[in-house]
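Below is one structure, written out as structure tokens, with a few remarks after it.
The values are calculated or read from the model by the stated rules, or taken from the named source; none is laboratory data. As the structure is a prediction and not an experimental result, all values here were calculated from the model. Cβ coordinates were reconstructed from backbone atoms using ideal geometry, including for glycine residues, and neighbour counts include every protein chain displayed.
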Amino acid sequence: METNKEEQLEWGPTVWSHLTALRDRSPLIQCITNFVSMDLVANTLLSAGASPAMIHSLQEFSDFTPHIHALYVNVGTLSPDWLSSMKAAALLANELRKPWVLDPVAAGSSQFRLNACLELLLLKPTVIRGNASEIIALSQAGIDMGPTKGVDSSHESMDAVEAAKFLAEKSGSIVAVSGAVDIICSSKSIIHGDRLVFVHNGVPMLQKITATGCAVTALIAAFVAAAADPLHAFDATVSALSVFGIAGEMGMELAKGPASLRMHLIDSLYGLDQPALLSHINITG
Amino acid sequence: METNKEEQLEWGPTVWSHLTALRDRSPLIQCITNFVSMDLVANTLLSAGASPAMIHSLQEFSDFTPHIHALYVNVGTLSPDWLSSMKAAALLANELRKPWVLDPVAAGSSQFRLNACLELLLLKPTVIRGNASEIIALSQAGIDMGPTKGVDSSHESMDAVEAAKFLAEKSGSIVAVSGAVDIICSSKSIIHGDRLVFVHNGVPMLQKITATGCAVTALIAAFVAAAADPLHAFDATVSALSVFGIAGEMGMELAKGPASLRMHLIDSLYGLDQPALLSHINITG
Amino acid sequence: METNKEEQLEWGPTVWSHLTALRDRSPLIQCITNFVSMDLVANTLLSAGASPAMIHSLQEFSDFTPHIHALYVNVGTLSPDWLSSMKAAALLANELRKPWVLDPVAAGSSQFRLNACLELLLLKPTVIRGNASEIIALSQAGIDMGPTKGVDSSHESMDAVEAAKFLAEKSGSIVAVSGAVDIICSSKSIIHGDRLVFVHNGVPMLQKITATGCAVTALIAAFVAAAADPLHAFDATVSALSVFGIAGEMGMELAKGPASLRMHLIDSLYGLDQPALLSHINITG
């Protein structure tokens, strides 16, 4: 896909200012995420400049959640108990007017999980980030479609543009689909208006590392939390996806496989400076 | 131990064809494993070419488990709730004629855990993979022997040959004992017949990395899942242990300690090609 | 802060002998720790020479806990169920006269968590290790102070000297505060007497890696377990903090960011020899 030099010149300062805001404000992100991802999610947030807190017990929310800057909910290793916590935390985040971000991992892999995601969608996440299969599953919910395969995506992200638009309209959330090209869209019914942006940063090998999807969704929560204004949540989401993808590209230059990529990705995210960001950024739409 | 050039010439193509099948088929492996191991297990499976899904809630099994290619059960951080899930998943895997693999972590460390492992054994795992202490504990169950030490092995794997043979006879499962030399055996009562094979690949420092045992058992599940025929499960098990050990040997050439070994191990598993495999393979028996 | 050459000459052999004891005895450490930290805690213990066992189910304690050399309790991802296990394990450790070590992660972040930590304090941990905010929260408990920020420290560790002294007096435990300078103190009411020591080893980037605090507390448990005499628990605590900090300094020489620091830290801990230890050690007080 061709990219427009002018577009990058516009997006560059936006993405850099979002990253700078994140590093300056070090937002506190409450994470209710799956067991597999906790280490990578926490290290991604720390490297980016945020402050993660994995707090999932109902007993703590009334004291703790008022102090957070965003909530991150990820249904990866879902169980009924944890689902209760997720819903209570999302409700409280809404009451407190804190942004919250949903990662509907493997949304279509069981009716229990799909229903859980739909219940969470009703609580109006600020942003939903999934792969193509997950976003398609959520957009088609109600239509029988059979389970999708595990947590990997069996669809290309470009197939999911229509599904993403439909889900954005239906949910009122910003919808991000990650893949070879990341899609970010919002509908005209919400304050962000009818927008559709594509992020071309990233490398395929990220899919060979567990929880990179979970990590980028957590990063979206941190970028949204650090944005000065709720109106900037859309650009914050685009920025998070671009920054994570750029860290992946820079990591890939040094990597010899998935495990060294994981290390270099986090190191690159930590050290990312303005020239590197501006030379790698690749956003269209 | 001396190895026979001819044997390697026989095993080489077998192991390579099993690895190729795994990469081509990318089997979906449902993992119900301990909290410590989830990251390494998922990354090991991804690097080898499989697709991991950590799904442990009973609510999801009827929808999800029919789509898997193998189930992996690991009792590491056992609790009564998770044991219920493990048993239900194993039962369902049997009904669906899916292979399943058991890792009886620290089997002898408490009566609760030993009983749990024995209950799981009754559900006829395709393969059981443990260290010498664990396999000895399972083979002697019913005979009082006192708890074994933690999750590490206090026995050399060669001490466990008789225990493994006995357990294979008793359980009808393929039994793998990992250690300085890995032992894989099956009894004459099952389709694989009376076999006993030794894998000499691997390096001692793997024991200084948590969850490498868990990871290789998951890899066995993936190799067994990818095998064209249940009759090939024995060779698939041998292949998984050899491939993991070879990745460890190749990683060790670059490693400066346990953490860099862990990284290079996964990178090597991802990149393992036929010449490297054939030059490192070391299987006897 | 200036350091005294003579002091290092005294501490050097002490710290080295504690590390050697740990490597020789390979103590079995039962860990009831948070989900985020399990991988790093286990790998830290293995690299240092200890044997970790993550066993949190009540059903196993009566069989397993008699065989351990120390218990490590960390309240990171606390829930009511896990708190019950922590209290039961601590009680049993006391009955069995095993040392146990408490990490009061984010102690001040909710009333539930603060109460949990206070209940655990009543069970007289041998050592408590927290950051400045956590130790201040525990020392002030009963005085309203509002929640502290997440799991990060918002206080410099030197602010916590008085809090640590007060908590040591109140609890009868050895109290360690980690930060730019680590503080270790005990009160005159206990066998270790009225001591106050400062460890200057470590690097700031350790705070950008999740669970390094949890890992060093686990290491304290291992050093205390390996000490020949309960009277040496104070020096063992100082030694653990110094050794971990030195591994961090050595790792930092090779690191390009938090993820590579994490790897080199563990490798350095594994390979740490006497000359490197003696040249880096920096303890005062």
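Quick look at the numbers
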item	result
Output for segment C:182-211, where each listed residue is hydrophobic (A, V, I, L, M, F, W, C), surrounded by 17 or more Cβ atoms within 10 Å (Cβ to Cβ) and at pLDDT 95 or above	C:Ile183, C:Ile184, C:Cys185, C:Val197, C:Phe198, C:Val199, C:Val203, C:Met205, C:Leu206, C:Ile209, C:Ala211
Any hit, segment A:261-270, residues being in contact (Cβ under 8 Å) with a residue 24 or more places away in the chain and either within 25 Å of A:Glu162 (Cα to Cα) or away from chain C (no Cβ under 14 Å) (or both)	no
Residue ID - nearest to B:Arg195 (Cα to Cα), chosen from residues in segment B:262-276 that are touching a Phe, Trp or Tyr at 6+ places or on another chain (Cβ under 9 Å) and buried (at least 20 other Cβ atoms within 10 Å of the Cβ)	B:Leu269
Selected residue (criterion: surrounded by the fewest Cβ atoms within 10 Å (Cβ to Cβ)) from residues of segment A:79-114 that are of a type in the set (D, E, K, R) and in contact with a strand residue (DSSP E or B) (Cβ under 8 Å, 6 or more places away or on another chain)	A:Lys98
Residues being of a type in the set (Ser, Thr, Tyr) and at pLDDT 95 or above - total across segment B:163-177	1
Residue that is farther than 23 Å from B:Leu45 by Cα, in contact with a strand residue (DSSP E or B) (Cβ under 6 Å, 6 or more places away or on another chain) and surrounded by 24 or more Cβ atoms within 10 Å (Cβ to Cβ), where the choices are A:Ala225, A:Ala236, A:Ala240	A:Ala225
Residues of segment B:240-260 satisfying the condition of being of a type in the set (Asp, Glu) and more than 13 Å from chain A (Cβ to nearest Cβ)	B:Glu249
A:Pro230 vs. criteria more than 14 Å from the chain's Cα centre (by Cα), more than 26 Å from B:Ala259 (Cβ to Cβ) and either within 13 Å of chain C (Cβ to nearest Cβ) or surrounded by fewer than 22 Cβ atoms within 10 Å (Cβ to Cβ) (or both)	yes
Filtered residues of segment B:246-285 (kept if part of a loop (DSSP other than H, G, I, E, B), under 29 Å from C:Ala247 (Cβ atoms) and hydrophobic (A, V, I, L, M, F, W, C))	B:Leu254, B:Ala255
Residue list for segment C:230-260, restricted to those being hydroxyl-bearing (Ser, Thr, Tyr) and without any contact (Cβ under 8 Å) to a residue 60 or more places away in the chain	C:Ser260
Sole exception among (1) buried (at least 24 other Cβ atoms within 10 Å of the Cβ); (2) in contact with a Phe, Trp or Tyr (Cβ under 6 Å, 6 or more places away or on another chain) for B:Gly76, by number	(2)
Selection count, segment A:164-191, where residues are more than 16 Å from the chain's Cα centre (by Cα) and more than 22 Å from A:Leu118 (Cβ to Cβ)	2
Any hit, segment C:11-30, residues being closer than 28 Å to C:Lys87 by Cα and among the β-branched types (Val, Ile, Thr)	yes
